[in-house]
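Working notes for the structure below.
The values are calculated or read from the model by the stated rules, or taken from the named source; none is laboratory data. Quantities reported herein were computed from a predicted structural model and do not represent experimental measurements. Don't worry about glycine lacking a Cβ; one is built from the backbone with ideal geometry, like all the others, and counts go over all protein chains shown.
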Ligand code: CP
């Protein structure tokens with residue numbers, strides 16, 4: 001039997017005519033999750049499986065003439081290291097500034113458009129983390145080479161995080177019919193927002209958004225889910241959903257954003273919550289974490305967040321190959 005991923009194996013069945021206007025088979029930049037049609041997801045996940053084998057044998061030199069630039073205006077551990085490792089495992093090279101706000105001409109008030117035009121004449125692909133929602137889109141509008149959004153603003157998106165999140169779930173079980181709790185500071189949660197868009201592509205998915213009322217998921221996502229017939233509920237207590245969900249996607253809540261800090265315990269995963277979860281549930285977290293995910297959870301077989309971060313390497317390698325090949329056509 002072919003190891004190729006098909007839409008049936010992926011468990012996907014949303015009607016193509018409900019998809020947004022993005023090109024179903026081509027990706028030039030990756031700015032938001034809505035761009036990722038089912039054919040693109042299938043291609044990406046097939047390539048990611050292949051990258052697992054490439055990494056197991058130490059990498060490839062196939063992209064030795066290609067250069068990745070990482071332009072991060074905000075801190076990052078996982079995303080920046082992961083993209084740089086991905087390019088190096090492909091044989092390519094990396095140009096980087098780890099704190100673009102301080103070490104690039106941003107300090108001289110240079111606009112991102114000018115920076116991107118220049119960097120795009122040196123590199124073949126640019127990964128940007130920008131402080132403003134829409135910053136990556138501005139970059140893509142002027143870039144001569146593919147731009148990847150590595151997180152824009154508060155309440156923007158982080159589409160490659162959502163891709164590796166979805167890939168991690170897909171490696172464990174079919175995506176169709178999933179019941180997923182997305183927990184945390186959802187109004188400004190880039191990863192939660194991007195993941196909600198991706199989950200909406202799969203039939204019979206149900207999403208529980210679990211958050212303090214004042215930090216709940218914003219109406220743009222809820223309107224999108226309504227328009228695509230995706231079931232969801234808004235909840236204010238993880239205990240109310242924990243027994244029925246297949247996946248808990250936990251994210252941070254900054255204590256200063258809640259009225260009563262004692263409330264944070266209603267959203268935390270600890271041994272008490274673990275005891276109530278399904279025995280085969282999956283626990284994901286994009287990291288970094290604070291009090292919402294107790295370290296005692298790490299040894300539980302359902303805790304997949306370190307595997308999830310590791311999967312980012314395969315997914316980002318696959319994405320780079322798709323963007324670099326398409327850019328040559
Ligand atoms: N998950 C994530 O985006 O982590 P970093 O902020 O460390 O890149």
Just to be sure I understand the filter: pairs with C-beta atoms under 9 Å, separated by 6 or more residues or on different chains, first member in the stretch 286-301 and on the phi > 0 side of the Ramachandran plot, second member part of a helix (DSSP H, G or I) and within 16 Å of the ligand (Cβ to nearest atom). Which pairs pass? 287/78; 287/305; 287/306; 287/308; 287/309
If the requirement is being more than 16 Å from the ligand (Cβ to nearest atom), surrounded by fewer than 15 Cβ atoms within 10 Å (Cβ to Cβ) and modelled with pLDDT of 95 or more, which of these qualifies: 47, 93, 89, 53? 53
Of the residues in the stretch 181-195, those that are more than 16 Å from the ligand (Cβ to nearest atom) and crowded, with 24+ Cβ neighbours inside 10 Å number 1
Go through the stretch 312-329 residue by residue and tally those that are within 24 Å of residue 182 (Cβ to Cβ) and surrounded by fewer than 23 Cβ atoms within 10 Å (Cβ to Cβ). 1
Of (1) assigned to a helix (DSSP H, G or I); (2) within 13 Å of the ligand (Cβ to nearest atom), residue 156 fails just (1)
Scan 219, 279, 271 and give me the residue that is assigned by TED's automatic domain parsing to the domain that holds residue 179, exposed (fewer than 11 other Cβ atoms within 10 Å of the Cβ), out of contact with any helix residue (DSSP H, G or I) (no Cβ under 7 Å at 6 or more places or on another chain) and under 19 Å from residue 305 (Cβ atoms). 279
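To keep it simple, each residue is scored yes or no on (1) away from the ligand (no atom under 16 Å from the Cβ); (2) over 15 Å from residue 45 (Cα atoms); (3) out of contact with any strand residue (DSSP E or B) (no Cβ under 7 Å at 6 or more places or on another chain).
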position	(1), (2), (3)
278	yes, yes, yes
283	no, yes, no
291	yes, yes, yes
295	yes, yes, yes
302	yes, yes, no
307	no, yes, yes
314	no, no, yes
In the stretch 231-256, the residues that are buried (at least 22 other Cβ atoms within 10 Å of the Cβ) and under 19 Å from residue 204 (Cα atoms): 242, 245, 247, 248, 249
For the stretch 144-153: of the residues being in a loop (DSSP other than H, G, I, E, B) and away from the ligand (no atom under 14 Å from the Cβ), which is nearest to the chain's Cα centre (by Cα)? 146
Meets criteria (touching a residue at least 12 places away in the same chain (Cβ under 8 Å), over 16 Å from the mean Cα position of the chain (by Cα) and within 15 Å of the ligand (Cβ to nearest atom)) for residue 63: no
In this structure, is residue 232 under 27 Å from residue 309 (Cα atoms), without any contact (Cβ under 8 Å) to a residue 40 or more places away in the chain and touching a helix residue (DSSP H, G or I) at 6+ places or on another chain (Cβ under 7 Å)? yes
